[in-house]
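Down below is the structure, laid out as C-alpha cells.
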Amino acid sequence: MRVMTFNLRFANPADGPNEWQHRKDLVVQIIEDHRPDLLGTQEGTVPQLDFLAAHLPGYLPLTAHRQVDVTCQYPTIFYRAPQVQVKESGEFWLSETPLMHRSMSWGSAFPRMVTYGLVKEAHRNETFYFINTHLDHISSEARLQGAKMIQDYFFPLKKPLILLGDFNEPPEGPVYGQLFGAGSPLMDTWRTLHPPGQEAPTQHGFDGRPRGSRIDWILLTPPFRVLNALIVTDNQNGRYPSDHFPYAVEVEY
C-alpha cells in the first residue's frame, strides 16, 4: 500500500510564477505518477481541493463530514476508490474547543485541524485510522498541545493507525518527543530505514534546494512495516509543485 503526505502550498498570488495556477497540473501529475492509495494534503483551500477532486480520476476526497468554509486551509484526505473503503470519518479543531468551527488556542497563528478516516483495503478485513494534520508554524505551545490532543484521542482506541502531515518541527523538537514518549506505539517511517543523523529536509523555496529540516512526517503503528520511503523531488524543467517536497512510503501489513 502506498501513502503520501503533500503540503500543497496555499493559493497565494504573492507567489508570482509559483502561484497555484502555474503548478496545479504538475501537482496532479505527480500524484498520478506515484499513485498513493491514501493521500494527505495540507494547506489546500477549497478551490484547490475542488480542482484536485475534479482532476484526479479514481480518487475521492474524504470530506462528507466537513463544514466547508472558503476561508479555511484544510488538511484533507484523498483515497483511491474502490481499492480503499471508508467505514467512518471525522475531524476536529486543535484547540481548547475542538468542536467550535475555526477555533484557536495557545497562540496559534491559524485555526488548525486534524482530519481522519477509519478505512480498509477492499481485499482486507483489517481496519485502521488514517489521520492527517497540519500543526501551527508559529506557536510551539499550539504544536505541542495539538500533538497531545491527537495522541489522547487516537491512542486509546487501540487500533492500527497511520498519522501524517506537516508538523512544522524537526524530529528533535518537543512534538516528536511527545508523540514518541514512553509506551508510544508509533514508528517514524523515515527513521525506520535511515539512522537518526541521516535526515532529509522537506522544504525548499520553489527551487528544489532543500532547506530547514524534515517537518513532513508519516508515522505508523504495527502491524504496518515500511518497505520504501521517498522524498519526492519530481519537477518539470525546474518548476516544482510546491515549496514542500511530497513524502511517500510503501508499507505492508
Report summary line: Going through region 1-26 in order, the residues found to be surrounded by 18 or more Cβ atoms within 10 Å (Cβ to Cβ), more than 25 Å from E121 (Cα to Cα) and touching a residue at least 60 places away in the same chain (Cβ under 8 Å) are L8, R9, N18, R23
Report summary line: Within region 168-198, the residues that are part of a loop (DSSP other than H, G, I, E, B) and small (G, A, S) are G173, G181, A182, G183, S184, G197
Report summary line: For region 219-239 the number of residues that are farther than 30 Å from Q151 by Cβ and part of a loop (DSSP other than H, G, I, E, B) is 5
Query raised in the report: Do you know which of the residues in region 110-131 that are among the basic types (K, R) and farther than 12 Å from G146 by Cβ is farthest from the chain's Cα centre (by Cα)?
Result: R124
**Report entry** The one condition in (1) out of contact with any helix residue (DSSP H, G or I) (no Cβ under 9 Å at 6 or more places or on another chain); (2) surrounded by fewer than 17 Cβ atoms within 10 Å (Cβ to Cβ) that W190 fails to fulfil
**Finding:** (2)
Query raised in the report: Looking at (1) part of a strand (DSSP E or B); (2) under 18 Å from the mean Cα position of the chain (by Cα); (3) exposed (fewer than 15 other Cβ atoms within 10 Å of the Cβ); (4) not basic (K, R), which is the one condition that is false for A53?
Result: (1)
Query raised in the report: in contact with a Lys or Arg (Cβ under 7 Å, 6 or more places away or on another chain) and either under 14 Å from P223 (Cα atoms) or not charged (D, E, K, R) (or both) - does that describe any residue in region 144-162?
Result: yes
Requested in this report: Kindly check whether there is at least one residue in region 153-167 that is assigned to a helix (DSSP H, G or I) and of a type in the set (D, E, K, R).
Outcome: no
Query raised in the report: Taking region 138-178 on its own, how many of its residues are touching a residue at least 40 places away in the same chain (Cβ under 8 Å) and more than 22 Å from A200 (Cα to Cα)?
Result: 9
Query raised in the report: Does R143 satisfy the condition of being part of a helix (DSSP H, G or I), of a type in the set (D, E, K, R), surrounded by 15 or more Cβ atoms within 10 Å (Cβ to Cβ) and out of contact with any Asp or Glu (no Cβ under 7 Å at 6 or more places or on another chain)?
Result: no
Query raised in the report: Does any residue of region 242-251 turn out to be of a type in the set (D, E, K, R), touching a strand residue (DSSP E or B) at 6+ places or on another chain (Cβ under 7 Å), surrounded by fewer than 23 Cβ atoms within 10 Å (Cβ to Cβ) and over 16 Å from L8 (Cα atoms)?
Result: yes
Requested in this report: Kindly check whether there is at least one residue in region 122-137 that is touching a residue at least 24 places away in the same chain (Cβ under 8 Å) and in a helix (DSSP H, G or I).
Outcome: no
**Report entry** Filter result for S213 (in contact (Cβ under 8 Å) with a residue 40 or more places away in the chain and among the hydroxyl-bearing types (S, T, Y))
**Finding:** yes
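Matching residues to (1) surrounded by fewer than 17 Cβ atoms within 10 Å (Cβ to Cβ); (2) touching a strand residue (DSSP E or B) at 6+ places or on another chain (Cβ under 9 Å); (3) not small (G, A, S):
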| residue | (1), (2), (3) |
| --- | --- |
| P156 | yes, no, yes |
| P171 | no, yes, yes |
| P185 | yes, yes, yes |
| Q198 | yes, no, yes |
| I218 | no, yes, yes |
| R225 | yes, yes, yes |
| T233 | yes, no, yes |
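Coordinate-derived values only; no laboratory data. Since this is a predicted model, take the numbers as computed values, not measurements. Reconstructed Cβ throughout: ideal geometry from the backbone, glycine too, with neighbour counts over all protein chains shown.
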